[in-house]
Each structure stands twice: as structure tokens, then as C-alpha cells.
Amino acid sequence: MDRITKSLLEEFSRESGLSHLPDEDQFEHLAAYLTAGRHVGESFDTGDIVTGSGGDTGIDAIATIVNGALVSDPELVEELSGANGYLDASFIFVQAERSSGFDAAKIGTFTFGVVDFFADSPKLPRNSAVKAAAEVMSAVLSRASRFKRGNPTCRLYYVTTGTWTNDPTLEARRKASIEDLERLRLFREVEFIPIDANALQKLYQQAKNAISRDFIFAERTVIPEIKGVNEAYLGLLPAKDFLHLIEDEDGELIKSIFYDNVRDWQDYNTVNAEIRDTLTTSDIRSRFALMNNGITLIAKTLRSTGNKIHLEDYQVVNGCQTSHVLHDQREHLDSSVFVPLRIISTRDESIIGSIIKATNRQTEVKEEQLLALSDFQKKLEQYFQTFPDNRKLFYERRSRQFNSVQGVEKTRIVTPGNLIRAYASMFRDEPHRTTRTYRALLANVGTDIFGANHRLEPYYAAAYALYCLEYLFRSQALDARYKPARWHLLLAVRILLNRNEPPRPNSHDMQRYAEGLMETLWETDKTNTVFQRAAVALAETAQGNFHRDHIRTEPFTNSLKKACDAAA
């Protein structure tokens with residue numbers, strides 16, 4: 001391994017809390033983070049996709065992405081299908097080798113493992129992680145009638161620290177792998193992507209740095225000076241040039257530039273179908289700029305030199321649907337197609353929020369989809385960072401907002417989805433609703449969850465408890481068999497620490513209640529002890545059956561509460 005890759009691996013492992021793992025395992029996590037992360041809009045734990053050793057069928061990581069979200073639970077497939085009305089899925093497989101070369105035999109072994117993964121009667125032995133991934137895969141394929149954009153895609157990443165030179169033998173093996181998977185007739189597209197040291201280093205820098213682009217914006221006018229806005233332009237940009245702003249070097253859509261909770265692609269509904277038809281009909285294609293409301297883009301940094309524009313750290317805050325259609329129909333874009341584009345440079349959060357709310361009122365956007373803009377969310381983000389470094393958490397109310405911030409440990413980043421689940425589990429006694437009826441939890445956002453006058457302390461306490469739990473899983477202090485019941489463990493810990501029911505979420509009593517939990521959670525020895533006690537209560541209640549159909553029910557939650565109450 002060259003010195004640069006080694007340095008990146010050490011940095012990643014340190015920030016991800018993986019330094020205790022063997023070098024080979026660390027490299028598997030790094031490869032999984034950089035490859036699967038290209039297709040996921042928010043931060044994620046590589047422990048949810050790395051398959052471990054022994055019974056891994058020759059695959060080091062498996063990620064299933066459904067409607068832009070990383071899915072590690074089969075029940076979420078149905079939840080996403082119901083929420084969006086369709087399924088757009090992608091299966092990602094990773095093989096990581098620290099060796100400095102590519103091996104045709106290992107490519108063959110890797111491919112055979114992937115083919116076997118989709119077999120009705122697999123031949124290779126599977127460990128628990130591969131079995132769990134296969135359950136998600138089956139949940140996706142069993143809903144084939146909802147594949148409105150076609151069958152899933154399949155991507156294989158073979159990562160080494162060597163150099164890919166298009167060697168004829170290796171290239172033949174790579175093409176044969178694609179053909180083996182295409183014969184399954186399960187996918188609309190199959191890719192086998194070799195990642196060598198140079199590609200790995202480039203992916204790492206892309207993941208760490210804010211997105212930046214340079215482009216020519218000749219057909220524009222300056223918007224008059226506005227307080228709080230550094231610069232702003234309104235104009236027309238060739239559609240092909242616009243794709244450069246929303247796609248990466250491999251032509252993949254950059255998920256992270258579409259603002260959290262307002263970025264959901266609505267598939268080809270009536271409006272999007274009309275946009276597509278405009279682009280695919282040669283007689284009216286040139287009218288696109290007149291028929292489309294356009295794109296609004298907000299950048300933290302904007303520099304103009306003549307007609308050349310430089311952008312850094314930007315988001316497409318309105319025009320998600322148009323962007324997806326342009327990307328999907330890019331083969332129809334010619335020199336006659338222009339996109340109405342508004343570019344605004346500001347760091348004022350109130351201005352950003354008002355622009356997003358206003359522009360997204362043009363289409364039906366639910367209030368919970370504007371979650372990241374609320375004052376309460378901003379308070380949470382600020383509150384989480386007020387604690388000393390060893391207790392500090394980072395609330396990611398916007399997609400990957402801390403990726404380019406130096407010194408932020410990935411393990412301390414809390415996503416809105418996980419905070420909703422953690423809070424509902426600990427303080428609303430609803431761990432059984434965190435996956436199976438997650439949409440019902442979202443319906444409570446703004447009232448019972450993230451209420452405008454709620455105390456901030458219980459949200460931090462729930463997030464910190466989850467942080468402690470994930471550390472115990474990473475360090476193997478807690479058996480991985482408890483992972484399907486991680487949200488139940490949070491409830492159990494709360495009861496074991498304080499058997500009284502949580503007070504009203506907006507009361508001073510709730511502040512004191514949550515602070516009491518926090519004081520214990522900050523003490524490592526006490527935290528380890530209480531989670532071990534919670535695991536014992538969980539195991540006794542489950543009686544060895546940790547299958548989701550058994551534990552993710554309200555009766556099981558009630559039984560666990562009684563067991564913990566008796567043990568408190």
C-alpha cells in the first residue's frame with residue numbers, strides 16, 4: 001500500500017472509530033464507504049453493509065439502495081414503496097483487497113458470490129450479514145410490479161491498492177462477469193468497476209471536500225443587490241452544461257446536492273412525464289426553457305470571472321424533478337435545449353430557508369419534507385455542538401453537511417431519520433414503529449416529535465445513547481445478534497436508568513429527566529453496564545427469537561418494558 005492511501009486509511013479509520021480493527025477490515029470499511037457512498041445522499045454506518053469474514057460468499061460489502069435511501073431492513077422496502085408509490089433499486093457489491101494488484105481468479109470468485117447471492121437455492125454458506133442482505137434483496141425483487149423505471153441496477157466494485165491498466169486478461173474477466181450477471185435477467189444495467197489506488201484517492205477527496213464546479217454562464221443577468229445575498233444571477237444555461245453541475249465524473253447523479261427531505265424524486269408522475277415528453281419530442285424540445293419553471297441553486301461560495309462561474313458547496317434547492325428528468329433523458333439533449341437557472345450566493349440560513357420554502361410551494365411539498373428548515377432543527381444542530389469534544393454530537397439536518405468539515409468523527413454524526421427513531425424509542429416507547437410503520441412516526445413530526453416548544457435535552461440524550469450503542473456494536477462488546485433490536489435496547493436502557501415515565505416534552509421536568517440520563521451515559525463504565533443489562537432483559541423477553549416478526553410488535557415492546565421495570 002502506498003503512503004498516501006495508507007494515510008487516508010488511517011484518517012478514515014480514526015474518524016470512523018475503526019482503528020481497533022485489523023488493517024484488512026479497516027480497508028473493507030473504507031472501500032465500502034467510498035463506493036456505496038457515491039450513491040447515498042446522507043451519512044451512514046459502514047457496519048450496516050460490511051459483511052465480515054467467514055461465510056461472506058467472497059463479498060466484503062453489500063448495499064441495497066431503494067429510492068435513494070440505504071436500506072438494511074426488508075420492512076423499509078415496503079415503507080419506501082408506500083411513501084413514494086414506486087421502487088427504484090440498486091444493488092452494490094464490494095470486494096476489497098489491500099494487495100497492490102488485480103487478480104483474475106479473485107474477480108471470478110467475487111462474481112460467483114454475487115451470482116449465488118441472487119440464486120433461489122444458494123450453494124455458498126452465508127453468515128448472518130449476508131443472510132440479512134439477502135432478505136432485503138428478496139423484499140425488493142418480490143415487488144417487481146412497482147419497478148416503474150425498470151429492473152434494479154447492479155454494480156460491482158473491485159477495490160485494490162494497485163493500478164488498473166486494462167490488461168486484456170483482466171478486462172476479459174471483467175466483461176465475462178457482467179455477462180454472467182446479465183444472464184440472470186434481473187437488472188436493467190450491470191457494471192463492474194475496478195477501483196485502483198488513484199481512483200480510491202480521488203473518491204476519498206471527493207467525499208471529504210465540498211462539491212465545486214466551473215462552467216460558462218454567458219446568457220445571464222445580474223439580480224440587483226439584496227441584503228444578505230453576496231451575488232445572484234438569473235439566466236439560461238445549455239442543458240448539457242447543467243448536467244455538469246449535478247453529475248459526477250462517471251455520469252452518476254450526485255445525490256447529496258438535493259436538499260434533504262425536499263429532494264425526493266417523484267418518478268414519472270403527470271408533471272414529470274410532460275417534462276420528459278418535451279425533451280423527447282424534437283418539434284418542441286427547443287421550447288423547454290419557456291415551458292419549465294427552472295432550477296434554483298444556492299451556493300456558499302460563488303466567484304465570477306467574465307462569463308466563467310466558480311461554485312463551491314452548493315445545493316439544488318428547487319428543481320429536483322427537472323434535474324432528474326434531464327439526467328434520465330440526457331441522450332435527447334441537444335444544443336437547442338436550455339435550462340432556466342437561478343444562482344444565489346449566500347451563507348445566511350434565514351435567507352436560504354425562505355427561498356427553499358417559497359420555491360417549493362409551487363408543487364405539493366409536505367411540511368415534514370421541509371424539516372431541515374425549521375427553527376427547532378437549527379436549535380438542535382447548535383445544541384448538539386455545545387458539549388465538550390468527548391460528548392459533542394453533530395446533527396446533520398442537511399445532507400452530508402459535515403463531510404467537508406475537518407475534525408468531525410463520522411461516528412458522532414446524527415441523521416434526522418435516526419434521531420426520530422431514537423427519540424420515539426426512548427421517550428415515546430415506540431421501538432416497534434421505527435421500521436414497520438415508520439411513516440406513522442413521520443406523521444408526528446412537528447407535533448409529538450420535533451415539536452416547536454419541546455426541550456432539546458431528550459433529543460440529545462436519545463442521540464447520545466444511540467452513539468454509545470453503536471460503539472458497543474463496533475467494538476464487539478455487544479453481540480451483533482442484538483442489532484435488529486437496537487431501538488428496543490434504547491428503550492430498555494431508559495427504563496433501567498429511570499423507571500418513571502418521561503414527563504411532558506416541553507416541561508422543565510423533562511429537562512431534568514433527560515439530564516439525569518445524560519449524566520450516566522457520559523460515564524463509560526456505567527453505560528457499558530446498563531447496555532449489558534438491557535441486552536439480558538431483551539434476550540430473556542425474546543427467548544432467543546430475534547426475528548423482526550417477533551420483536552417488532554407492540555406486545556413485545558410491552559413485555560420488554562415489564563421486564564426492564566422489574567429489573568430497574
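Readers should treat all values here as calculations from the given coordinates under stated rules, not as data from a laboratory. As the structure is a computational prediction, the values presented were derived from the model and not from experiment. Reconstructed Cβ throughout: ideal geometry from the backbone, glycine too, with neighbour counts over all protein chains shown.
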Matching residues in the stretch 473-488 (of a type in the set (A, V, I, L, M, F, W, C), in contact with a helix residue (DSSP H, G or I) (Cβ under 6 Å, 6 or more places away or on another chain) and either surrounded by fewer than 24 Cβ atoms within 10 Å (Cβ to Cβ) or more than 21 Å from A567 (Cα to Cα) (or both)) number 1
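Can you pull out every residue in the stretch 514-525 that is more than 20 Å from H488 (Cβ to Cβ) and in a helix (DSSP H, G or I)? Walk me through how you get there before you give the answer.
Of the stretch 514-525, the ones more than 20 Å from H488 (Cβ to Cβ) are 515-516, 518-519, 522-525.
Within the stretch 514-525, E515, G516, M518, E519, T524, D525 meet the criteria.
Condition test on R155, is it charged (D, E, K, R), more than 28 Å from S7 (Cα to Cα) and buried (at least 19 other Cβ atoms within 10 Å of the Cβ)?
Values: charged (D, E, K, R): yes; more than 28 Å from S7 (Cα to Cα): no; buried (at least 19 other Cβ atoms within 10 Å of the Cβ): yes.
When the stated conditions are applied, R155 does not pass them.
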Can you find a residue in the stretch 213-220 that is over 30 Å from N166 (Cβ atoms), out of contact with any Gly (no Cβ under 7 Å at 6 or more places or on another chain), surrounded by fewer than 15 Cβ atoms within 10 Å (Cβ to Cβ) and among the hydrophobic types (A, V, I, L, M, F, W, C)?
yes
Residues that are in contact with a strand residue (DSSP E or B) (Cβ under 6 Å, 6 or more places away or on another chain) and farther than 27 Å from R504 by Cβ, drawn from the stretch 387-436:
F394, E396, F402, V408, R412, I413
Does the stretch 457-476 hold any residues that are aromatic (F, W, Y) and over 20 Å from the mean Cα position of the chain (by Cα), and which are they?
Y459, Y460
Cβ-Cβ under 9 Å, sequence separation 6+ or interchain: first residue in the stretch 133-147 and in contact (Cβ under 8 Å) with a residue 40 or more places away in the chain and more than 10 Å from T64 (Cβ to Cβ), partner part of a helix (DSSP H, G or I) and of a type in the set (D, E). Which pairs?
R143/E78
Please give the number of the condition L497 fails out of (1) touching a Ser or Thr at 6+ places or on another chain (Cβ under 7 Å); (2) under 22 Å from R436 (Cα atoms).
(2)
Screening A104, A96 for residues that are in contact (Cβ under 8 Å) with a residue 40 or more places away in the chain, under 28 Å from D196 (Cβ atoms), aliphatic (A, V, I, L, M) and surrounded by fewer than 18 Cβ atoms within 10 Å (Cβ to Cβ) leaves only A104
Number of the exception - D120 against (1) assigned to a helix (DSSP H, G or I); (2) more than 16 Å from A32 (Cβ to Cβ):
(1)
Close pairs (9 angstrom Cβ cut-off, 6 or more residues apart or separate chains): touching a residue at least 24 places away in the same chain (Cβ under 8 Å) and closer than 20 Å to K392 by Cα in the stretch 507-532, charged (D, E, K, R) and assigned to a helix (DSSP H, G or I) anywhere:
Q511/E457; Y513/E457; A514/E457; E515/E457; L517/E457; L517/R494; M518/E457
Subset of the stretch 43-54 (residues that are touching a Leu at 6+ places or on another chain (Cβ under 8 Å) and not in a helix (DSSP H, G or I))
F44, I49
